[in-house]
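Working notes for the structure below.
The values are calculated or read from the model by the stated rules, or taken from the named source; none is laboratory data. If you're wondering where the values come from, they're calculated on a predicted model, not measured in any experiment. Cβ placement follows ideal geometry from the backbone for every residue including glycine, while neighbour counts extend to all protein chains displayed.
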Amino acid sequence: MSAITTVPARLTQADLEIIIEHALEEARVRGATQAEAAVSQDTGLSVGVRLGEVETLEHQRDRSMGITVYFDKRKGSAGTADFSPEAVRATVAKACSIARFTAEDACAGLADAALMATAPPDLDLSHPWSLTADRAIELAKACEAAALAFDPRINNSEGASVASHRGLHVYGNTHGFVGGYPTTSHTLSCVVLAGTGEDMQRDYWYSSSRDWRELEEPEVIGRESARRTIARLDPRKLATRRAPVLFVPELARGLIGHFVAAIRGSSQYRQSSFLLNSVGQQIFPADFSISERPHLRKAMGSAPFDDEGVATRDRELIAAGVLTGYILSSYSARKLGLQTTGNAGGSHNLLVAPNSTGGAAAMLARLGTGLLVTELMGQGVNTVTGDYSRGAAGFWVENGLIQYPVAEITIAGNLRDMFKGIAAVGDDVDVRGGTRVGSILLKEMTIAGE
C-alpha cells in the first residue's frame, strides 16, 4: 500500500482514497473488527455587498477526516484536519481507545456488505466556477443595483451575495468499498427593504445551482427581490378565522421537511414522532405522492451512494397517500428490525408530484378566498405531537386574486390534519433544493390575528 508522505494544497480523489486505505489498515492492525472512514475537502469563495460597498469577502478551505472503528459491538470515533500519516495513525489510535471504553450496542456496525454501491453512476454534480473575487463583487453589485433601481420606494438593502463552493468527499470501509465524487454549489441572492417608520418591509430572492451557468442573471434576482418587497408594503391585520391556506413552493418544502423528520428512523426508534408506526397508513390524500430520485443529474440532492457506501435507489415514499417506508440508515434500521433504505445522511431528491396544472395563477384560483403565505417565522413545530403554530405574512386573496398584504398573524393546526387536508399541489415546482415541490393548498387552518 502506498502512502502520502507530504500533503499538497489540493488533493485528488486518488489521494483521499490512499488516506482512507491507510486509516483502515491502521484500524485492522490495532484489532478492529470493522472500520469506516470519510475524508472531505472543501473550498469556496463568498462575497457580500451592501449599498454598493463590499462588506464580506471570504475564502474557505476546509478539510477533515473522520474514522469510526468497531470492536465487535463497541464503537469509537475520532477526527482530524491533518492528513499526514502520523496524524492519521494517531486519530485511528484515539478512536480505538474510545471504543474500548464504550458500552456494547447490538445495532452497531457497518451496513451490510451486499448493499454497497458496486457501480456508482456519474451524476454530473461538479461544475467548478473560475470565479475571481473581483468578478464576484461585480455580480453582487449588479444584483443589488438592479434591486435599488426597481422602485424609488426601495430605500435600503441588507445586501447581495455571491457564493461558489467546491467539494470532494470520499468514503471507505473494511468491506472493501471505497468511493467518492466531487460536487459544486453556486448561489446568488439579494435582500432589500422598502417603506418608512413602522411600515418597513423586506423580502429576498435567490438562485442556486450545481452549474454556475444555470444561475439566474444577477439583475433578474435583484428585480425580483425588489418586486416582492414592494408588494408587501402597507400590510393589514386579519381578524381571527379559519380559512384555506396556500403555501408558496419555497415554504411548501418546509411542510415536506416536517413529514421527513417524522419518518426518519431515529424519530421512530426513539418514539418521538407523531407518525409513529405509520407505514401502511393513509397520511396524505389519495392523489398525493412523494418519490425519491437519488440519481437526477445536476440535482442538489443527488448522490450515487449514502454516507455508509450503500447504493442509493429510486423508490416511492408516498404512494396514493400511503406511507410505504421510513428513511433509514443501517443503525436505525437495525433498531427497528428493518433494512437500511440507503438514507444514511438524509434523503436524496424528494419529488412531490403536482396534481394541479396552470402554475401559480391556477393555484390562486383554486384557493379562491383565503391566505397566501409567503413568509414563516418562529419554530413552533412539534414533531412529537404534530402541533404546528408559526408566525406568518403574505397576502389575502379573494376570488383567486390578491387583494392586499397581511402581516402579524399566526397560522396553526396539527400536521396530521394538515397533511390529510392538502387540496392541491401546483406545478410551479421549486427545484433549488433537495425537495422539489410546487405550491401546496391546505383546505383549512386557523389564522390568528386581531
Query raised in the report: From 387, 428, which residue is farther than 28 Å from residue 281 by Cβ and not hydroxyl-bearing (Ser, Thr, Tyr)?
Result: 428
Query raised in the report: Tell me, which helices (runs of 4 or more DSSP H) lie completely within region 236-349 with 2 or more residues that are among the β-branched types (Val, Ile, Thr)?
Result: 249-263
Query raised in the report: From the list 57, 45, 24, which one is in contact with a strand residue (DSSP E or B) (Cβ under 6 Å, 6 or more places away or on another chain), among the aliphatic types (A, V, I, L, M), assigned by TED's automatic domain parsing to the domain that holds residue 186 and more than 30 Å from residue 157 (Cβ to Cβ)?
Result: 24
**Report entry** Residue list for region 250-278, filter: within 19 Å of residue 422 (Cα to Cα) and not small (Gly, Ala, Ser)
**Finding:** 250, 251, 253, 255, 256, 258, 259, 260, 263, 274, 275
Query raised in the report: Is there a residue in region 111-124 that is in contact with a helix residue (DSSP H, G or I) (Cβ under 9 Å, 6 or more places away or on another chain) and polar (S, T, N, Q)?
Result: no
Report task. Mind listing whichever residues of region 259-283 are out of contact with any strand residue (DSSP E or B) (no Cβ under 6 Å at 6 or more places or on another chain) and either free of Cβ contacts under 8 Å to residues at least 12 places away in the same chain or within 24 Å of residue 363 (Cβ to Cβ) (or both)? Result -> 259, 260, 270, 271, 276, 277
Query - Test: residue in region 104-122 that is assigned to a helix (DSSP H, G or I), touching a Gly at 6+ places or on another chain (Cβ under 6 Å) and in contact (Cβ under 8 Å) with a residue 40 or more places away in the chain - result: no
**Report entry** Boolean, residue 147 is assigned to a helix (DSSP H, G or I), in contact (Cβ under 8 Å) with a residue 24 or more places away in the chain and within 22 Å of residue 187 (Cα to Cα)
**Finding:** yes
Report summary line: Pairing a residue in region 209-223 that is within 11 Å of residue 127 (Cβ to Cβ) and touching a residue at least 24 places away in the same chain (Cβ under 8 Å) with any residue that is aliphatic (A, V, I, L, M) and outside any strand (DSSP E or B), where Cβ atoms lie under 7 Å and the two sit 6 or more apart in sequence or on different chains, gives 209/215; 210/125; 210/300
Report summary line: Within region 318-329, restricting to residues that are closer than 20 Å to residue 117 by Cβ and surrounded by fewer than 24 Cβ atoms within 10 Å (Cβ to Cβ), the one that is farthest from the chain's Cα centre (by Cα) is 325
